[in-house]
Structure formats: C-alpha cells, structure tokens
Amino acid sequence: LGVIPIYVYSDTPWVPYEDLFDKIAFKTDIAGIPTLMDKLFKMSDEELVQRRKLINAKLHSRFSQLGVINQVANFMIGRPNDLKCRAAPKTLRDSPDESEVTV
C-alpha cells in the first residue's frame, strides 16, 4: 500500500465510503482525466502527505477484512458507519443502446 488511489469510471463512480474516498483518493470519468492530471501536477506535497496520513489512519477500520465486516454490520443495524446506499443506474453500463435494467 502507501499509494493514493485514482479511480477512473465510465458510467457512475461506485467507490467505497464515498465521502471518505473524496478525502483520500481521486475519481474521474474518462473525459475528466486531463483535468485530474493537471490537478495532480499542481498539488502540493503537503496535501499528498495529508491524504496518505488519512489513508493510514482509516486503513484497518475501513479496508481490512474485519473493518469491512464491521462497517457492513453497523450499516445493517443502523449504527454509525461510512457506507451509503445508492440506487443502481437505470441503464446498463456502457450499453450502446442504453437498455433499461430489469430486475
């Protein structure tokens, strides 16, 4: 570990711990890669250090096997956690005809 994640998506950003993710990592759609690259090149070393510190502080409680189990359990019983429930997209991912999803 020790790196800051960059998540590139094509339809919708499905990331763990969405609010926390924005503080420790970067996400962009494919079209936004050049803008993200500019942001990264202009970012101070201090901001990168702060993101790494936050990653290390949250690593075991959010990203280890036990941490994930605890987050899910807390979500299921209504205790404080960092998970969010989001509706699935109405269309299939990257579908050329934007077919409706039937569940």
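The values are calculated or read from the model by the stated rules, or taken from the named source; none is laboratory data. Small disclaimer: the values here were computed from a predicted structure and weren't measured. Neighbour counts run over all protein chains shown; Cβ positions are idealised from the backbone, glycine included. In case anyone asks, the SASA skips ligands and DNA or RNA and just uses the protein heavy atoms, side chains included. Shrake-Rupley method; radii C 1.70, N 1.55, O 1.52, S 1.80 Å.
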Query - Top-ranked residue in segment 56-88 [being in contact with a Phe, Trp or Tyr (Cβ under 9 Å, 6 or more places away or on another chain) and not in a helix (DSSP H, G or I); ranked as surrounded by the fewest Cβ atoms within 10 Å (Cβ to Cβ)] - result: CYS85
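Which of the residues belonging to segment 1-11 are of a type in the set (Ser, Thr, Tyr) and either on the phi > 0 side of the Ramachandran plot or surrounded by 13 or more Cβ atoms within 10 Å (Cβ to Cβ) (or both)?
To start, the set of residues in segment 1-11 that are of a type in the set (Ser, Thr, Tyr) comprises 7, 9-10.
TYR7, TYR9, listed by residue number.
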Query raised in the report: What pairs can you find where one residue is in segment 30-56 and on the phi > 0 side of the Ramachandran plot, the other is open to solvent by 100 Å² or more (accessible area, probe 1.4 Å) and of a type in the set (Ser, Thr, Tyr), and their Cβ atoms are less than 6 Å apart, with a gap of 6+ or different chains?
Result: none
Requested in this report: Go through (1) more than 17 Å from ILE4 (Cα to Cα); (2) assigned to a helix (DSSP H, G or I) one by one and return the number of the condition ASP22 breaks.
Outcome: (1)
Query - Residues being touching a strand residue (DSSP E or B) at 6+ places or on another chain (Cβ under 9 Å) and either farther than 16 Å from LYS84 by Cβ or of a type in the set (Val, Ile, Thr) (or both) - total across segment 13-36 - result: 9
Requested in this report: Return the residue satisfying two criteria in turn: it lies in segment 2-28 and is in contact (Cβ under 8 Å) with a residue 24 or more places away in the chain and of a type in the set (Val, Ile, Thr), and of such residues it is farthest from GLU47 (Cα to Cα).
Outcome: THR12
Query raised in the report: Is segment 18-25 home to any residue that is at pLDDT 95 or above and β-branched (Val, Ile, Thr)?
Result: no
Report summary line: If we keep only residues of segment 16-41 that are open to solvent by less than 60 Å² (accessible area, probe 1.4 Å) and hydrophobic (A, V, I, L, M, F, W, C), then the residue farthest from the chain's Cα centre (by Cα) is LEU40
Query raised in the report: Looking at (1) assigned to a helix (DSSP H, G or I); (2) surrounded by 13 or more Cβ atoms within 10 Å (Cβ to Cβ); (3) charged (D, E, K, R), can you tell me which one LYS53 breaks?
Result: (2)
Report summary line: Reported set for segment 25-69 where residues are among the hydroxyl-bearing types (Ser, Thr, Tyr) and touching a Gly at 6+ places or on another chain (Cβ under 8 Å) is SER61
